[in-house]
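Following: one structure in structure tokens, then a few remarks.
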Amino acid sequence: MTDKKQVTENRRILQIAIPSIISNITVPLLGLIDVTIVGHLGSPAYIGAIAVGGMLFNIIYWIFGFLRMGTSGMTSQAYGQHDLNEITRLLLRSVGVGLLIAFCLLLLQYPILHLAFTFIKTTSEVEQLATTYFYICIWGAPATLGLYGFAGWFIGMQNSRFPMYIAITQNIVNIVASLCFVYLLDMQVAGVAAGTLIAQYAGFFMALWLYMRYYHTLHKRIVWKEIIQRQAMYRFFQVNRDIFFRTLCLVMVTMFFTSAGAAQGEVVLAVNTLLMQLFTLFSYVMDGFAYAGEALAGRYIGAKNQTGLRSTVHHLFYWGLGLSFLFTLLYSVGGKSFLGLLTNDISVIAASDSYFYWALIIPLAGFSAFLWDGIFIGATATRQMLYSMLVASASFFGIYYGFHSLLGNHALWLAFLVYLSLRGIVQTFLGRQIMRKVIVP
């Protein structure tokens, strides 16, 4: 009987994790497709414009990622409680807030771009092309932020297949539209931006259609005055406020890692960038299991099922530990060959030897941070998640500045690995509070 329960729990985890991993892998394809198309237009300025424009939107949308995470946790709890009224309200609340934020971004697009170029120094040609890209793609903000709400809601409903379908559709539309605009209409960077814009709205309207098609029975439960009920809105913004500040810390660490590497020269910057691809690849997989943690932990907490919650946590960590060892083994055997696929620069490959062992430690140092993030989001224990991020971020900067003069770039990697480890360690201690939330009345 126990074996059957374990198989069932593993199946539930994989049913959410695998589609989420596929969705995660498709995300960078949007940017990669754009770079590939403009990379054949004959000028490096086109690539630079896409890189700068893409970076701006990555930062903007990353900051508002709380719309997906907060919605996922609260929806999964309502799902566990079988509260269909609250489930419906959460979707409308999240999508509505996302559209409101997008409206504000549209109003502030000119000062946002002006502020960005006070920090980003590039050639006048790249700035002009990036400006064109920005002013077209910014109109996709309503679709992107609205889709965040849908994606979080679908995951909270234990359905990660729909976000996967949407992500695949977006990539197909982006490829076809961008190629048509660039090569048939000769629109160059503007054509790539238009293709991205159309793909964003294709994803949003597909999410809306999937909701109308498969969750239409929830329509009768819509009571508009309850959507903006004061107490519910307070909880919604309280949860998302903590995630927002936590994400700001994450963005600061990530951007500092890049800038600190750049300050040490082109070769060190290139080495750090390539080695971080190993971390990124691992993060796509771990994020998939984190999404499973969001959905299942929230569901069991909503149902006040402490046994189910503990089982989910244990099984998630079995998967995390096993996959960490697997990635460490794969990187130790084929990691350098993978770097060779990314660059043929002999000086960069040679310099990477001195830092490669840091990349080997990343999976074991970081897997618990990903898994606990998912569990904490499902539990809406966002304040505790913020505390762990504050401790880890402070340690990151403290270690870097404390050891940089002695260790150089090694201090940056040491700081990053301690930062990853501390997030998991602190959340492990705070995780007991999650279990206390599951008390059967």
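The values are calculated or read from the model by the stated rules, or taken from the named source; none is laboratory data. This structure is a prediction, so every number in the text was calculated from the model and none was measured. Cβ: placed from backbone, ideal geometry, glycine included. Neighbour counts: every protein chain shown. Surface areas here come from the heavy atoms of the whole protein model, side chains and all, with no ligands, DNA or RNA. Shrake-Rupley method; radii C 1.70, N 1.55, O 1.52, S 1.80 Å.
Structure notes:
- In a residue-by-residue description of the range 372-390, the property of being in contact (Cβ under 8 Å) with a residue 24 or more places away in the chain, part of a helix (DSSP H, G or I) and over 30 Å from Arg235 (Cβ atoms) applies to no position.
- With respect to the conditions (1) closer than 30 Å to Arg299 by Cα; (2) aliphatic (A, V, I, L, M); (3) open to solvent by 50 Å² or more (accessible area, probe 1.4 Å), Leu210 lacks only one, and its number is (3).
- Look at (1) touching a residue at least 40 places away in the same chain (Cβ under 8 Å); (2) closer than 17 Å to Ser368 by Cβ and you find that Ser395 fails only one, number (1).
- Taken over the range 180-199, the criterion of being touching a helix residue (DSSP H, G or I) at 6+ places or on another chain (Cβ under 7 Å) and open to solvent by 30 Å² or more (accessible area, probe 1.4 Å) is satisfied by Phe181, Leu185, Met187, Gln188, Leu197, Ile198.
- The single residue among Asn159, Asn171 that is among the polar types (S, T, N, Q) and either under 23 Å from Gly298 (Cβ atoms) or in contact with a Pro (Cβ under 9 Å, 6 or more places away or on another chain) (or both) turns out to be Asn159.
- Residue ID - surrounded by the fewest Cβ atoms within 10 Å (Cβ to Cβ), chosen from residues in the range 321-371 that are within 22 Å of Gly408 (Cα to Cα) and of a type in the set (Val, Ile, Thr): Ile346
- Across the range 127-134, a minimum of one residue is classified as farther than 25 Å from Met164 by Cβ, of a type in the set (Ser, Thr, Tyr) and buried (at least 22 other Cβ atoms within 10 Å of the Cβ).
- Inter-residue pairs, beta-carbon under 7 Å, first farther than 16 Å from Met164 by Cβ and in the range 192-219, second not in a helix (DSSP H, G or I), 6+ apart: Ala194/Met187
- Qualifying residue in the range 115-137 (condition: under 30 Å from Arg235 (Cβ atoms) and among the hydrophobic types (A, V, I, L, M, F, W, C)): no
- Any chance Ala232 is in a helix (DSSP H, G or I) and in contact with a Pro (Cβ under 7 Å, 6 or more places away or on another chain): no
- Lone unmet requirement of (1) touching an Asp or Glu at 6+ places or on another chain (Cβ under 6 Å); (2) not in a helix (DSSP H, G or I) for Ala290: (2)
- Scanning the range 299-319 for residues that are under 17 Å from Ile377 (Cα atoms) and within 23 Å of the chain's Cα centre (by Cα) yields a count of 5.
- The residue pairs whose first member lies in the range 102-124 and is modelled with pLDDT of 90 or more, whose second member is open to solvent by 100 Å² or more (accessible area, probe 1.4 Å), and whose beta carbons are closer than 8 Å, counting only pairs six or more residues apart or on different chains, are Leu106/Trp139.
- Within the range 279-296, the residues that satisfy the criterion of being surrounded by fewer than 24 Cβ atoms within 10 Å (Cβ to Cβ) and not hydrophobic (A, V, I, L, M, F, W, C) are Thr280, Ser283, Tyr284, Asp287.
- Any hit, the range 398-405, residues being open to solvent by less than 10 Å² (accessible area, probe 1.4 Å), modelled with pLDDT under 95, under 21 Å from Ser283 (Cβ atoms) and of a type outside the set (Lys, Arg): no
- Subset of the range 377-397 [open to solvent by 20 Å² or more (accessible area, probe 1.4 Å) and closer than 22 Å to Ser259 by Cα]: Leu390, Val391, Ala394, Ser395, Phe397
- When residues of the range 256-267 are limited to those that are touching a residue at least 40 places away in the same chain (Cβ under 8 Å) and surrounded by fewer than 18 Cβ atoms within 10 Å (Cβ to Cβ), the one nearest to Trp62 (Cα to Cα): Phe256
A quick yes/no check of all residues on (1) at pLDDT 90 or above; (2) within 22 Å of Gly70 (Cβ to Cβ):
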{"position": "Gly195", "(1), (2)": "yes, no"}
{"position": "Phe204", "(1), (2)": "yes, yes"}
{"position": "His219", "(1), (2)": "no, no"}
{"position": "Glu226", "(1), (2)": "no, yes"}
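- Note on the range 122-156: residues that are more than 30 Å from Ile301 (Cα to Cα) and in contact with a helix residue (DSSP H, G or I) (Cβ under 9 Å, 6 or more places away or on another chain) total 21.
- Asp353 under 18 Å from Asp287 (Cβ atoms) and acidic (Asp, Glu): no
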